[in-house]
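Below is one structure; the comments refer to it alone.
The values are calculated or read from the model by the stated rules, or taken from the named source; none is laboratory data. For clarity, every value in this text was computed on a predicted model and none was experimentally measured. Positions of Cβ are generated from backbone atoms using ideal geometry, with glycine treated the same way; all protein chains shown enter the neighbour counts. These area figures cover heavy atoms from the full protein model, side chains too; ligands, DNA and RNA do not enter into them. Shrake-Rupley method; radii C 1.70, N 1.55, O 1.52, S 1.80 Å.
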Amino acid sequence: MKITVDEDKCCGAGSCVLAAPDVFDQRDEDGVVMLLEAEPAEHLRTAVREAADVCPAAAISLSEA
Amino acid sequence: MSTPAGVLVAGASAAGLATAEALRRKGYTGELTLLGDEPHVPYDRPPLSKQVLAGAWQPERAHLRTREVLDALDAELLLGDAAASLDVENRTVHTESGRALAADTIVLATGVRPRTLPGQDGLRGVHVLRSLDDALALRAELLSTRRLLIVGDGVLGAEIAATARGLGVEVVLAGPQAAPLAAQLGPLASDLLAELHNENGVKLRLGAGVDGLTADGDRVTGARLSTGEVLEADLVVVALGAVPCTDWLEDSGLVLGNGVVCDSRCRAADGIYAAGDVARWHHEHLGSLLRLENRTNATEQALAVAANILGADQPYTPIPYFWTDQFDAKLQIHGVLAADAEVTVVEGDPAARRFVARYERHGKAVGVLGWNMPKQARLHRQQHLTTGGSR
C-alpha cells in the first residue's frame, strides 16, 4: 500500500493522526499533514484506510504498491 | 454478520458516497445503488465557498473521487434524478423521473437545502451557495460586481465575505448576532473574527436581522433590516442556514423533526438508516438528539451506518468537529463550544492570533478551539475531550 497526500487540500483536522498515529503527523506551524510512512507495514493497513476515509478534506489517497 | 441483499443510498454527496465505500471496504458484495439529484459526480462542498468561488480551483478539483475509483466501487450511480418518495414497508424509493428502486436496506443521505427569504425566488442577482452550480453562478456574477451584500453571519456567510474581498469586491455582511459566528464560538473568538473582517475591509452590519429584499423590477437592489434601514447592493447572497431535505419523506411514516429522527444506531426504521446533514440521531453520550451539518460528520456517520448495516450494532457517539478558513485565520473547533462556557486560553496568545482555547461547563471540558494552531488544537482535544464526551 502506498499513500499520497495533497497538502493543498489538507484542512488540519488531524483526523488521520487520530486514526493512524504511526503513519501520520501534523506540522507544528500550520497543522498540515505529514507522512511518516509512505508505504506502511501490513499491520497498519486497516488504520491507514480509516485515516483516508475519515479525512474531511479528502486529502489522502491510497494505492496498492 | 448480516448481509442485505441490496443497498440503496439516496444522496450522492459526501455521506452517501462514504456509506457506499465503507460498505464495500467492510466486505459487502451485494447490489449497491447510489442515487443523486445533481448531474455531477460526487464532489466536496467545503471548497465551494473558498477555492472554487475564488477561482483557485477548477471545479473538477472538488470531485471526491476520480472516475476510475468510482467505477471500481461497483455501484450503480444514478445521477440527475432526485428521490421523490419512500415506501417504507416495501423499502422502495420512487424518483422524480419515475424510477422505482427497491432494496433490502435504504440509506437516507439527502442533505440539506439553503433557507431563503420570502420573495427571493425569481429575483435576479440573489444567490445561495450549496451546490457546485451555485458556486459557479455566484462566481460568474461576483467578477463584475461592485457591491455584494451577504445576509447571514454564520460560517458560510463569513467565508463568502472573505473570499469575495479577496476578489476585490466591496462586501457588507449583515446578521443579527454581535459578531460573525457568535453563537458557535462565543465572544472571544467571534470578536476576533469581527476584527479580522473589519481589518480586511468587510463592512459588518450586525445586530439586526434582515426582514426582506428590495428590488427594482426583477432585479435585487438590496435588503431591508429589521430596524427599517435599507442596505443597497448589486448582488446579494443569502446564507441563513439550511433545512434538511425531508420533504420527499413526509408521507413515508418516518419520524421527521428537523431531520430524519433516528435511534443511536442511526436507524430510522427497520432496514432504513440516515447519514450526514439530514440525520438527527440519538447521541448516547450526550443523551439527546443531535443533527450535525459538517463535513466530518458526513463521513464519520456514514462509516457508522455502514458498520451497523452489516450487523455491528454500535451507537454513533462522535466528538463534533468543524473547521473554517477566513482570510489568514484557520479555525478548528472540536466538541461543542457552548456560548455560556468558561473559556481558558491554554496555548499561544489571542493577541498574536495563534492560540488554543479550552471551553468548560460545570468544570468539565466541552470543547477546544484552535486559531491558526491546528495540531495543538487536536492534541488538546485528545487530552481534554473523550469520545462522545462533549458534555
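Only residues that are assigned to a strand (DSSP E or B) and farther than 29 Å from B:Q314 by Cα were counted in the stretch B:359-391, giving 2.
Of the strands (runs of 3 or more DSSP E) lying entirely inside chain A, those containing at least 3 residues that are closer than 26 Å to B:L369 by Cβ are A:24-26.
Restricting attention to the stretch B:57-111, which residues are of a type in the set (K, R) and outside any loop (DSSP other than H, G, I, E, B)? Explain how you work it out, then say what you get.
Let us first name the residues in the stretch B:57-111 that are of a type in the set (K, R), namely B:61, B:65, B:67, B:91, B:99.
Correct list: B:R61, B:R67.
So, in the stretch B:1-23, how many residues would count as being part of a loop (DSSP other than H, G, I, E, B) and either within 12 Å of chain A (Cβ to nearest Cβ) or out of contact with any Asp or Glu (no Cβ under 7 Å at 6 or more places or on another chain) (or both)? Even if it seems obvious, please write down each step before you answer.
At the first step, the residues of the stretch B:1-23 found to be part of a loop (DSSP other than H, G, I, E, B) are B:1-5, B:11-13.
Still in the running and either within 12 Å of chain A (Cβ to nearest Cβ) or out of contact with any Asp or Glu (no Cβ under 7 Å at 6 or more places or on another chain) (or both): B:1-3, B:11-13.
Within the stretch B:1-23, residues that are part of a loop (DSSP other than H, G, I, E, B) and either within 12 Å of chain A (Cβ to nearest Cβ) or out of contact with any Asp or Glu (no Cβ under 7 Å at 6 or more places or on another chain) (or both) number 6.
Is there a residue in the stretch B:146-164 that is basic (K, R), in contact (Cβ under 8 Å) with a residue 12 or more places away in the chain, farther than 30 Å from B:K330 by Cα and surrounded by fewer than 18 Cβ atoms within 10 Å (Cβ to Cβ)? No, the stretch B:146-164 contains no residue that is basic (K, R), in contact (Cβ under 8 Å) with a residue 12 or more places away in the chain, farther than 30 Å from B:K330 by Cα and surrounded by fewer than 18 Cβ atoms within 10 Å (Cβ to Cβ). For the criterion of being under 19 Å from B:A312 (Cα atoms), in contact with a His (Cβ under 9 Å, 6 or more places away or on another chain) and surrounded by fewer than 19 Cβ atoms within 10 Å (Cβ to Cβ), B:D263 passes.
Screening the candidates B:D340, B:D349, B:D270, B:D328 for the property of being open to solvent by 20 Å² or more (accessible area, probe 1.4 Å), farther than 21 Å from B:H380 by Cβ and away from chain A (no Cβ under 14 Å) yields one hit, B:D270. Report, by residue number, each residue of the stretch A:19-29 that is touching a residue at least 12 places away in the same chain (Cβ under 8 Å) and at the interface with chain B (Cβ under 7 Å from one of its Cβ atoms). Selection gives A:Q26 alone. Among the residues of the stretch B:24-43, at least one is among the charged types (D, E, K, R), in a loop (DSSP other than H, G, I, E, B), surrounded by 15 or more Cβ atoms within 10 Å (Cβ to Cβ) and away from chain A (no Cβ under 14 Å).
Where in the stretch B:112-199 are there strands (runs of 3 or more DSSP E), lying wholly inside it, with at least 2 residues that are of a type in the set (A, V, I, L, M, F, W, C) and at pLDDT 95 or above?
Values: elements: B:112-114, B:147-151, B:170-175.
The qualifying strands (runs of 3 or more DSSP E) are B:147-151, B:170-175.
Quick one: which of B:A83, B:A135 is buried (at least 16 other Cβ atoms within 10 Å of the Cβ), closer than 30 Å to B:T29 by Cβ, touching a Ser or Thr at 6+ places or on another chain (Cβ under 8 Å) and of a type outside the set (D, E)? Step through it out loud before you land on a result.
Numbers: B:A135 fails: closer than 30 Å to B:T29 by Cβ.
Among B:A83, B:A135, only B:A83 is buried (at least 16 other Cβ atoms within 10 Å of the Cβ), closer than 30 Å to B:T29 by Cβ, touching a Ser or Thr at 6+ places or on another chain (Cβ under 8 Å) and of a type outside the set (D, E).
The set of residues in the stretch B:200-243 that are open to solvent by 10 Å² or more (accessible area, probe 1.4 Å), in a loop (DSSP other than H, G, I, E, B) and more than 19 Å from B:E170 (Cβ to Cβ) comprises B:G207, B:G209, B:G217, B:D218, B:S226, B:T227, B:G228, B:L240, B:G241.
Tell me, which residue of the stretch B:355-383 that is open to solvent by less than 30 Å² (accessible area, probe 1.4 Å) and within 12 Å of B:E342 (Cα to Cα) is nearest to the other protein chains (Cβ to nearest Cβ)? Looking at residues that are open to solvent by less than 30 Å² (accessible area, probe 1.4 Å) and within 12 Å of B:E342 (Cα to Cα), I get B:V368.
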